[in-house]
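The values are calculated or read from the model by the stated rules, or taken from the named source; none is laboratory data. In this text the structure is predicted, and so the values were computed from the model without any measurement. Reconstructed Cβ throughout: ideal geometry from the backbone, glycine too, with neighbour counts over all protein chains shown.
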Amino acid sequence: MARLISIFVGLGFVVVLAYSFIVGAYTAATEPHEPTAEHEFHLHTRDAHLQSAGWTGTFDVQQVQRGYQVYKEVCSACHSLRHVAFRNLAELGYSEAEVKAEAAAWQVPGIDPNTGEANMRPALPTDAFPSPYPNAVAAAAANNNAIPPDLSLIAKARHDGGNYVYSLLTGYADANSYEHDGKVLKEEFPDFSTPTGLHFNPYFPNLNLAMAPPLTTDGQVTYADGTEASVDQMSKDVAAFLVWTAEPTLQKRHQTGFPVVLFLIFATVLGFLAYRNVWRNVKH
């Protein structure tokens with residue numbers, strides 16, 4: 001008897017759960033959603049027209065070098081590149097001496113060989129780019145409780161990564177006067193506000209971003225090749241650099257991929273013709 005009662009109780013739970021699921025799904029599918037500022041004013045990324053984009057993309061080495069300079073002089077104040085070693089810069093055309101000089105300009109944690117005490121030492125080519133903060137707690141304390149993400153793989157971690165970085169860096173605006181497609185944010189959503197310590201950016205999913213605009217004025221970086229360092233140009237260059245850090249073998253992969261695809265197509269055609277030749281006189 002007890003077993004029969006438990007079976008009926010279990011069936012009752014199943015029925016209630018099924019009913020709740022069906023009603024919830026029907027309600028979600030039929031009831032109109034309340035518009036939100038995040039839905040109405042969040043923008044898709046803009047095209048940075050990077051040379052690395054597309055199936056045949058390659059790296060503009062000079063642009064990637066400029067992007068490294070922007071990272072070094074601006075972004076490295078908050079963001080690390082822990083998956084990139086200084087020796088990887090050789091892939092961008094830097095000589096061995098230049099790589100050693102670049103590495104030596106950075107300080108990384110080390111050990112004093114005489115005392116065994118922790119200290120800071122000049123980096124070696126085998127070292128990875130260091131974090132500007134000793135730990136996550138210090139990073140959060142210095143950035144309004146938001147830990148700056150490592151940028152090594154950011155271009156792969158975000159959809160349309162290179163364009164996302166470019167759009168985000170050039171997308172900061174004033175929420176009080178922001179307008180898009182003829183709609184004014186404050187008129188559509190009077191209660192929308194950017195909390196203290198955050199910054200309005202329509203390319204960020206919830207519109208409010210903890211990172212302050214890092215590139216604010218033209219000429220913030222002086223390029224050695226004479227390129228005009230506008231905010232737009234610096235944003236494109238550092239986006240190109242971060243695409244490279246996320247996928248340094250992209251160019252080789254593209255160069256290898258097309259011959260492989262052509263070979264597979266040729267082999268498929270050859271196999272089909274061989275099949276037709278071998279079985280042409282066999283009746284089914």
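Among the candidates Lys252, Lys236, single out the residue that is closer than 14 Å to Gln63 by Cβ and basic (Lys, Arg).
Being closer than 14 Å to Gln63 by Cβ and basic (Lys, Arg) holds for just one of Lys252, Lys236, which is Lys236.
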Problem set entry | Scope the range 88-109; condition buried (at least 16 other Cβ atoms within 10 Å of the Cβ) and either of a type in the set (Val, Ile, Thr) or farther than 18 Å from Lys252 by Cα (or both); matching residues | Tyr94, Val99, Lys100, Glu102, Ala103, Trp106, Val108
Seminar exercise, completed: Sole miss for Glu91 among (1) assigned to a helix (DSSP H, G or I); (2) closer than 18 Å to Asp150 by Cβ is condition (2)
Exercise. Taking the range 156-194, which residues are farther than 30 Å from Ala128 by Cβ and assigned to a loop (DSSP other than H, G, I, E, B)?
Worked result: Ala173, Asp174, Tyr178, Asp181, Gly182, Phe189, Pro190, Asp191, Phe192, Ser193, Thr194
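Consider Ser235 carefully, then state whether it is at negative phi, among the polar types (S, T, N, Q) and in contact (Cβ under 8 Å) with a residue 24 or more places away in the chain. I'd like the intermediate steps shown before the answer.
Numbers: at negative phi: yes; among the polar types (S, T, N, Q): yes; in contact (Cβ under 8 Å) with a residue 24 or more places away in the chain: yes.
Taking the combined requirement at face value, the residue satisfies it.
Could you please find all residues in the range 131-155 being more than 19 Å from the chain's Cα centre (by Cα) and part of a loop (DSSP other than H, G, I, E, B)? Working first, answer last.
Quick first cut of the range 131-155, residues more than 19 Å from the chain's Cα centre (by Cα) only: 132-145.
The answer is Pro132, Tyr133, Pro134, Asn135, Asn143, Asn144, Asn145.
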For this session: Would you check which residues across the range 120-130 are over 16 Å from Ser152 (Cβ atoms), in contact with a helix residue (DSSP H, G or I) (Cβ under 8 Å, 6 or more places away or on another chain) and not in a loop (DSSP other than H, G, I, E, B) and list them?
Result: Pro122
Exercise. Residue check, Asn277 against (1) exposed (fewer than 10 other Cβ atoms within 10 Å of the Cβ); (2) touching a residue at least 60 places away in the same chain (Cβ under 8 Å); (3) out of contact with any helix residue (DSSP H, G or I) (no Cβ under 8 Å at 6 or more places or on another chain), all met but one. Which one?
Worked result: (2)
Exercise. Does Ala224 qualify as being at pLDDT below 95, farther than 17 Å from Ala53 by Cβ and either under 18 Å from the mean Cα position of the chain (by Cα) or not in a loop (DSSP other than H, G, I, E, B) (or both)?
Worked result: no
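Can you confirm whether Gly197 is small (Gly, Ala, Ser) and assigned to a loop (DSSP other than H, G, I, E, B)? Explain how you work it out, then say what you get.
Working: small (Gly, Ala, Ser): yes; assigned to a loop (DSSP other than H, G, I, E, B): yes.
Judged against the criteria, Gly197 is a match.
Tell me the residue from Phe258, Phe272, Phe263 that is within 30 Å of Gln65 (Cα to Cα), modelled with pLDDT under 95, hydrophobic (A, V, I, L, M, F, W, C) and not assigned by TED's automatic domain parsing to the domain that holds Gly171, please. Please lay out each step first, then the result.
Working: Phe272 fails: within 30 Å of Gln65 (Cα to Cα); Phe263 fails: within 30 Å of Gln65 (Cα to Cα).
Testing whether each residue is within 30 Å of Gln65 (Cα to Cα), modelled with pLDDT under 95, hydrophobic (A, V, I, L, M, F, W, C) and not assigned by TED's automatic domain parsing to the domain that holds Gly171 leaves just Phe258.
Filtering the range 176-218 down to residues that are on the phi > 0 side of the Ramachandran plot and not charged (D, E, K, R), which residue is nearest to the chain's Cα centre (by Cα)? Please lay out each step first, then the result.
Step one: filter the range 176-218 for residues on the phi > 0 side of the Ramachandran plot, giving 181-182, 197, 207.
If we keep only those that are not charged (D, E, K, R) too, we end up with 182, 197, 207.
On the way: Gly182: 30, Gly197: 23, Leu207: 17 Å.
Out of the qualifying residues, it is Leu207.
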For this session: Please verify whether the range 234-248 includes one or more residues that are surrounded by 11 or more Cβ atoms within 10 Å (Cβ to Cβ), assigned to a loop (DSSP other than H, G, I, E, B) and at pLDDT 85 or above.
Result: yes
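Does Asp47 satisfy the criteria of being in contact (Cβ under 8 Å) with a residue 24 or more places away in the chain, surrounded by 15 or more Cβ atoms within 10 Å (Cβ to Cβ) and either of a type in the set (D, E, K, R) or in contact with a Lys or Arg (Cβ under 9 Å, 6 or more places away or on another chain) (or both)? It would help to see each step written out before you state the result.
Working: in contact (Cβ under 8 Å) with a residue 24 or more places away in the chain: yes; surrounded by 15 or more Cβ atoms within 10 Å (Cβ to Cβ): no; either of a type in the set (D, E, K, R) or in contact with a Lys or Arg (Cβ under 9 Å, 6 or more places away or on another chain) (or both): yes.
No, not satisfied.
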